[in-house]
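The following block contains the structure, expressed as structure tokens.
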Amino acid sequence: MQITGGYLKSRKITSPKGGNVRPTLSQVRESIFSTLYSLIDFEGKTFLDAFAGSGIMGFEAASRGFESVTFLEKDKKTFYQLKSNAQQLGVNGNFYLGDTVKILGKLDSAFDVIYVDPPYQSGLYDGVLELIKNNNLLKPDGILILEHPKDLAINTDGFAAIKEKIYADKKLTCLTPAQIH
């Protein structure tokens, strides 16, 4: 798997073997960062890869100029592969090994961009969005990106949709905190 843009473009990372990691396709990654680029300036911004897996989304963010990237990963073997990839790329970040839901409940800083792509059948989407909202983990002008099955209904109360795009059987939903007027 290769990074698609930025100063690390074309650098390869190793994805853990097995079925517990489903890396985001290069076409989808390019679309996500193109959309983000049209909405915000990456310089000085923070990125949270909430279900990091191989770390490809966080590495893309670092490569494209995000100042700080945070990776959350539950699986030990996957986490150590993620750390190895970061070391090989020379990417510094904040790395947390453990259950994403528990870690989200303890984080005390807000992010400019949060990427959420849990295992599709995990049932975690609604709870994770609730945690992000209740703990103010997304900055008021931040962007929350969900990668999910296209037919999955997700409770996005407290967020406003800014863009949606379908790729075969998956959907990307970009949200921002709903402004209370």
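Out of the residues in the stretch 133-172 meeting the condition of being in contact (Cβ under 8 Å) with a residue 40 or more places away in the chain and among the β-branched types (Val, Ile, Thr), tell me which one is nearest to PHE111 (Cα to Cα).
ILE143
Conditions tested, residue by residue: (1) modelled with pLDDT of 95 or more; (2) among the aliphatic types (A, V, I, L, M); (3) buried (at least 20 other Cβ atoms within 10 Å of the Cβ); (4) in a helix (DSSP H, G or I).
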{"position": "PHE59", "(1), (2), (3), (4)": "yes, no, yes, yes"}
{"position": "THR70", "(1), (2), (3), (4)": "yes, no, yes, no"}
{"position": "THR78", "(1), (2), (3), (4)": "no, no, yes, yes"}
{"position": "GLN81", "(1), (2), (3), (4)": "no, no, yes, yes"}
{"position": "GLN87", "(1), (2), (3), (4)": "yes, no, no, yes"}
{"position": "ASN92", "(1), (2), (3), (4)": "no, no, no, no"}
{"position": "VAL101", "(1), (2), (3), (4)": "no, yes, no, yes"}
{"position": "SER109", "(1), (2), (3), (4)": "no, no, no, no"}
{"position": "ILE114", "(1), (2), (3), (4)": "yes, yes, yes, no"}
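Within the stretch 141-152, is even one residue more than 14 Å from the chain's Cα centre (by Cα), surrounded by fewer than 18 Cβ atoms within 10 Å (Cβ to Cβ) and within 22 Å of ALA178 (Cβ to Cβ)?
Yes, the stretch 141-152 has at least one match.
Please enumerate the residues belonging to the stretch 141-181 that are at pLDDT 90 or above, within 18 Å of LEU36 (Cβ to Cβ) and among the hydroxyl-bearing types (Ser, Thr, Tyr).
Across the stretch 141-181, the qualifying residues are THR173, THR176.
On to the next question. Do we find a residue being in contact with a Cys (Cβ under 7 Å, 6 or more places away or on another chain) and closer than 21 Å to ILE166 by Cβ anywhere in the stretch 24-37?
Yes; the residues of the stretch 24-37 include at least one that is in contact with a Cys (Cβ under 7 Å, 6 or more places away or on another chain) and closer than 21 Å to ILE166 by Cβ.
Restricting attention to the stretch 19-27, does a residue exist that is at pLDDT below 95, over 14 Å from the mean Cα position of the chain (by Cα), surrounded by fewer than 17 Cβ atoms within 10 Å (Cβ to Cβ) and of a type in the set (A, V, I, L, M)?
Within the stretch 19-27, none of the residues are at pLDDT below 95, over 14 Å from the mean Cα position of the chain (by Cα), surrounded by fewer than 17 Cβ atoms within 10 Å (Cβ to Cβ) and of a type in the set (A, V, I, L, M).
So, in the stretch 34-89, exactly how many residues are aliphatic (A, V, I, L, M) and at positive phi?
Residues in the stretch 34-89 being aliphatic (A, V, I, L, M) and at positive phi: 0 in total.
For the stretch 153-181, what are the residues that are exposed (fewer than 14 other Cβ atoms within 10 Å of the Cβ) and either hydroxyl-bearing (Ser, Thr, Tyr) or part of a loop (DSSP other than H, G, I, E, B) (or both)?
Passing the criteria: ALA153, ASN155, ASP157, ALA168, ASP169, ALA178, GLN179, ILE180, HIS181.
Right, next: Considering the stretch 105-124 alone, what residues qualify as being in contact with a Pro (Cβ under 7 Å, 6 or more places away or on another chain) and of a type outside the set (A, V, I, L, M)?
Within the stretch 105-124, TYR120 is the sole residue that qualifies.
Here is a follow-up. Keeping to the stretch 39-57, report how many residues are surrounded by fewer than 24 Cβ atoms within 10 Å (Cβ to Cβ) and without any contact (Cβ under 8 Å) to a residue 60 or more places away in the chain.
Total meeting the criteria: 5.
The values are calculated or read from the model by the stated rules, or taken from the named source; none is laboratory data. Just so we're clear, the structure is a prediction, and the values are computed from it rather than from any experiment. Cβ: placed from backbone, ideal geometry, glycine included. Neighbour counts: every protein chain shown.
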